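Undergrad: Just passing along the structure, written as structure tokens.
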Amino acid sequence: MSASSTKIRSYQIFKTKARLQKPIADATHTLHEISFLVLRLHLHNGVMGESYLLSFQYSPNAILGALKDALPHMVGLEAFETGKAESLLYHESEYFGTDGLNKWAAAAINIAMWDAWARSLEQPVWKLWGTHKDRCAIYGSGGWLSYSTDELIEEVTNYKARGFKAVKIKVGSPNWKTDAERLQLVRDAVGDDLNIMMDANQGMQLPEAIQLANKARELNIYWFEEPLHHQNFEGYKTLKQQTGISLAMGEREYNVQPLKELIAKNALDIWQPDILRIGGVEAWRASAALAHAHHLPVLPHYYKDYDVPLVCSIPNGVGVESFDWIDPLIDNPMLVKDGFAYPHNQPGWGFRFLDEHLQEIKW
């Protein structure tokens, strides 16, 4: 085989963690660790493609098992054969389910293949798709329910000092009035020139979501994210009809069927695909195209180092979410300035995890 071959030769999996001083909590989960699995695909030409997924402390053996089952089938594929990889993995996982853990594993492989192929071409990924913009808006995310008032205000005012034009905080407290009080404190702290969004992580019931949405109108809250269970389509329709608040959803979805349901019920204003759950680059872009056909903006979930180049490649990409968790662990943190994020100009996704932070997982 030629030394210049772009076929996949081997793979490695690593684990790493971000620094977390104490547990953080939203309406449905308490997070004791911010951990990541890092996948590396090695090509015969010496190029290495990399991807990562956010794992927290949940089901570490399950996601590793899905990767362990999937990765041997990738050896020998060309780095650009992402479609072949998708079809092959769909066939392999169909018996036990193509969504959930199997979709995460397939997406991690897909993202690493795109990195390897773009690096082989010595081009940033976003130049392979065509571009609509060279930067996109970015908002600061956090506002965990476990925060004290001082911690909450410190975080949002820090985002403002760094030039962010919008912040998002968690809601879904046992009493919705507590959420309203926290939102008021944030509005008082950042002023009227910043957008504020709220995210319930599916942790509310419809009556209390309606109450909070009505109160949020007084505070000029920009959108309400995942107030209800993500399959409660009628509930989202009712919430939208009764309050008029903008609704954001998508991070829990493994396919576009929920997007179709919400569009049909006029119950969605912002589509938020998660690149790992939805299945990788092609699936992310397909969902964005469907949203565009129905005049919906795309503002994806969590993975800013993947999402910024993707958002810059579509006509309806309006912004990305920012957490700083991986920045101390990688060689080239993304440029964020004056409320905008800029795609990396280096080949591939434009960043690597630093070896000194990685612990290899042996099969």
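The values are calculated or read from the model by the stated rules, or taken from the named source; none is laboratory data. As the structure is a prediction and not an experimental result, all values here were calculated from the model. Note that each Cβ is placed from the backbone with ideal geometry, even for glycine, and that neighbours are counted across all protein chains shown. The protein model used for the area step is the full one, side chains on, heavy atoms only, and it has no ligands, DNA or RNA in it. Shrake-Rupley method; radii C 1.70, N 1.55, O 1.52, S 1.80 Å.
Undergrad: Once you have the Cα-Cα distance between HIS91 and ARG252, take 0.36 nm times their residue separation minus that, and quote the gain in nm to one decimal.
TA: Using 0.36 nm per residue and subtracting the Cα-Cα distance, I get 55.7 nm.
Undergrad: Provide the solvent-accessible area of VAL308, counting protein heavy atoms only and rolling a 1.4 Å probe, rounded to the nearest 10 Å².
TA: Result for VAL308: roughly 0 Å² accessible.
Undergrad: With a cut-off of 8 Å between alpha carbons and a minimum separation of six or more residues, what is the relative contact order of the chain in percent?
TA: 20 percent
Undergrad: Sticking with this one: On full extension of the chain, what length is gained from LYS177 through SER146, given 0.36 nm per residue of separation minus the C-alpha to C-alpha distance?
TA: Between LYS177 and SER146, full extension yields 9.6 nm more.
Undergrad: What do you get for the angle between helix 149-161 and the principal long axis of the chain? Use alpha-carbon atoms, 0 to 90 degrees, nearest ten.
TA: Rounded to the nearest ten degrees, it is 60.
Undergrad: Now for a separate question. Which number comes out as Rg/Rh for the chain once both Rg and the Kirkwood Rh are worked out on C-alpha atoms?
TA: Ratio value, two decimals: 0.96.
Undergrad: Can you check how the C-alpha radius of gyration of the range 198-257 compares to 2.2 N^0.38 Å, as a plain ratio?
TA: Compactness ratio reported: 1.05.
Undergrad: While we're looking at this one, here's another question. If you average 1/r over all unlike Cα pairs in the range 23-95 and invert the result, what Kirkwood radius do you get in angstrom?
TA: Value: 14.5 Å, from the Cα pair sum.
Undergrad: Quick check: net charge around GLN242, other residues with Cβ under 14 Å of its Cβ, Lys/Arg +1 and Asp/Glu -1?
TA: +3
Undergrad: Okay, next question. Tell me what the chain gives for mean residue ellipticity at 222 nm when only DSSP H runs of n ≥ 4 count, each as -39,500 (n - 2.57), the sum divided by the residue total, rounded to 500 deg cm²/dmol.
TA: Values: 12 runs with 134 residues, N = 363.
The helix contribution divided over the chain gives -11000 deg cm²/dmol.
Undergrad: Compute the distance in nm between two label points, each set 7 Å from the Cα along the Cα-to-Cβ direction, one at TRP129 and one at SER5.
TA: My value for the distance between the label points is 3.0 nm.
Undergrad: Would you mind working out the accessible area per residue for the chain, using a 1.4 Å probe, and quoting it in Å²? Show your work: numbers first, answer last.
TA: Numbers: 15380 Å² over 363 residues.
I get 42 Å² per residue for the chain.
Undergrad: Continuing with this model, one more query. Count the net charge of all other residues whose Cβ sits under 15 Å from the Cβ of MET74, scoring Lys and Arg as +1 and Asp and Glu as -1.
TA: Net local charge, MET74 excluded: -2.
Undergrad: Under the Kirkwood approximation applied to all pairs of distinct alpha-carbon atoms, what is the hydrodynamic radius of the range 86-183 in Å?
TA: Final number for the Kirkwood radius of the range 86-183 is 17.8 Å.
Undergrad: Oh, and also: Taking square-rooted eigenvalues a ≥ b ≥ c of the alpha carbon gyration tensor, is the range 129-281 rounded, prolate or oblate, where a/c under 1.5 means rounded and, failing that, a/b exceeding b/c means prolate?
TA: Taking the square roots of the gyration eigenvalues as a ≥ b ≥ c, the range 129-281 is oblate.
Undergrad: Could you state the angle between the C-alpha long axis of helix 281-293 and the longest principal axis of the C-alpha atoms of the chain, as a value from 0 to 90 degrees rounded to the nearest 10?
TA: Approximately 40 degrees, to the nearest ten.
Undergrad: For VAL171, what charge total do you get from the other residues with a beta carbon under 12 Å from its beta carbon, if Lys and Arg give +1 and Asp and Glu give -1?
TA: -2
Undergrad: For the ranges 61-68, 276-283, 162-169, what's the packing order if you count other beta-carbon atoms within 10 Å of each residue, average per peptide, and put the highest first? Don't jump to the answer; show the numbers that get you there.
TA: On the way: 61-68: 16.4, 276-283: 23.0, 162-169: 20.5.
My ranking of the peptides, most packed first, is 276-283, 162-169, 61-68.
Undergrad: Where does helix 82-93 land angle-wise versus the long Cα axis of the chain, in degrees 0 to 90, nearest 10?
TA: That works out to roughly 80 degrees.
Undergrad: GLN359 to GLN21: extension gain in nm, 0.36 nm per residue of separation minus the Cα-Cα distance? Each step should come with its number before you reach the end.
TA: Values: separation 338, 0.36 × 338 = 121.68 nm, distance 2.06 nm.
Here the answer is 119.6 nm.
Undergrad: At 7 Å along Cα-to-Cβ for each site, give me the label-to-label distance between ALA264 and TYR342 in nm.
TA: 4.5 nm
Undergrad: What is the percent carbon and sulfur in the accessible area of the range 250-363, measuring with a 1.4 Å probe over the protein chains and ignoring ligands? If you can, show how the numbers build up before the last one.
TA: On the way: 2150 of 4180 Å².
Carbon and sulfur: 52 percent of the exposed surface of the range 250-363.
Undergrad: Sticking with the crude label model, points 7 Å out along Cα→Cβ, report the distance from GLU218 to PHE56 in nm, one decimal please.
TA: Calculated label separation equals 3.2 nm.
Undergrad: Over the range 58-203, what relative contact order in percent results from Cα pairs under 8 Å that are six or more residues apart?
TA: Contact order relative to length: 18 percent.
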